[in-house]
């Protein structure tokens with residue numbers, strides 16, 4: 001995997017490009033001179049966890065012919081109060097609209113976070129990851 | 001820190017929004033149905049490391065009145081060949097244009113990766129992070 005980061009704005013504004021030309025913009029916290037140009041790196045890390053788990057969950061459900069009509073995650077993350085300010089905990093609140101059994105979706109979430117998700121595996125040694133599910137049954 | 005992820009395209013296309021309204025788009029690998037809608041989660045994780053280290057390095061240099069006229073990182077990451085496919089190693093190749101001493105910039109890079117960078121601290125237990133510096137001296 002190859003990526004290129006370039007400073008493109010202000011003191012700490014960066015653009016990062018992947019091999020297919022997609023970009024992510026980053027910036028520092030306002031307290032040290034960030035200007036809201038993009039995500040803070042720890043925000044994009046928490047977002048990466050949610051996206052990685054989402055792919056797993058939807059893939060597991062797809063194999064069971066379950067296709068949620070709406071899929072969201074509200075992410076709540078808390079950092080420790082020291083430097084480096086790693087995550088103390090990340091809570092993934094899944095908000096899913098589907099007529100499938102709650103137990104099947106809960107099982108997919110647990111399989112992702114405990115077994116398949118690469119980002120969760122990387123975060124696990126230093127951060128507590130928890131989840132909840134709110135299922136909107138559209139039957 | 002709060003973020004919201006929503007499925008917005010295809011089977012695995014997501015948009016994640018932070019508290020200031022910035023967004024990152026994600027997608028899965030093409031091999032499982034991704035359509036190139038955005039970053040893969042492990043790409044954004046590697047990008048987060050580079051952005052986090054960049055903020056540290058530029059902040060350390062700024063305190064020494066060193067302001068590089070160009071700042072880039074070429075990121076090379078390798079994943080393990082198993083599931084979960086975490087990173088085996090990430091190499092950050094810093095390409096910096098400045099008239100400052102190479103040793104001062106190398107010291108800033110090492111301070112970031114060994115001491116200050118939150119994303120490096122999270123990755124360290126499971127991944128080898130290395131760096132190189134190419135300095136373009138514009139004197």
Would you calculate the convex hull of the Cα atoms in the protein assembly as shown and tell me its volume per residue in Å³? 115 Å³
Antiparallel DSSP bridges in the protein assembly as shown: what percent, to the nearest 5? 70 percent
Using the count of nearby Cβ atoms within 10 Å as a rough guide to exposure, how do A:57, B:80 rank from fewest to most? B:80, A:57
If you wrap a convex hull around the alpha carbons of region A:1-120, what volume per residue comes out, as a whole number of Å³? 142 Å³
Cβ density ranking, 10 Å radius, fewest first, applied to A:113, B:123, A:45 yields A:113, B:123, A:45
Explain nothing, just the number: relative contact order of chain A, from Cα pairs under 8 Å at least 6 residues apart, as a whole percent. 19 percent
Need one number: % antiparallel among DSSP beta bridges in region B:1-124, to the nearest 5. 95 percent
So what's the convex hull volume per residue for the Cα atoms of region B:57-104, in Å³? 83 Å³
Nearest 10 degrees is fine. How inclined is helix A:41-63 to the longest principal axis of chain A, computing both from alpha carbons? 20 degrees
The helix B:102-111 Cα axis meets the longest alpha-carbon principal axis of chain B at an angle in degrees, between 0 and 90 and rounded to 10, of 40 degrees
Just the Cα atoms of region B:25-74, one point each, no solvent: what log10 I(q)/I(0) does Debye give at q = 0.17, 0.21, 0.26 Å⁻¹? -0.63, -0.75, -0.93
For the residue pair residue B:64 and residue B:76, what label-to-label distance in nm results when each label sits 7 Å from Cα along the Cα-to-beta-carbon direction? 2.6 nm
Roughly how many whole Å is it from the C-alpha centroid of region A:49-120 to that of region B:23-63? 19 Å
Under the Kirkwood approximation applied to all pairs of distinct alpha-carbon atoms, what is the hydrodynamic radius of region B:1-49 in Å? 11.1 Å
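Rule-based calculations on the coordinates, nothing more; no lab input. Here the structure is a predicted model, which is why all the values come from computation and not from measurement. Every residue, glycine as well, gets a Cβ built from its backbone with ideal geometry; the counts of neighbours run over all protein chains shown.
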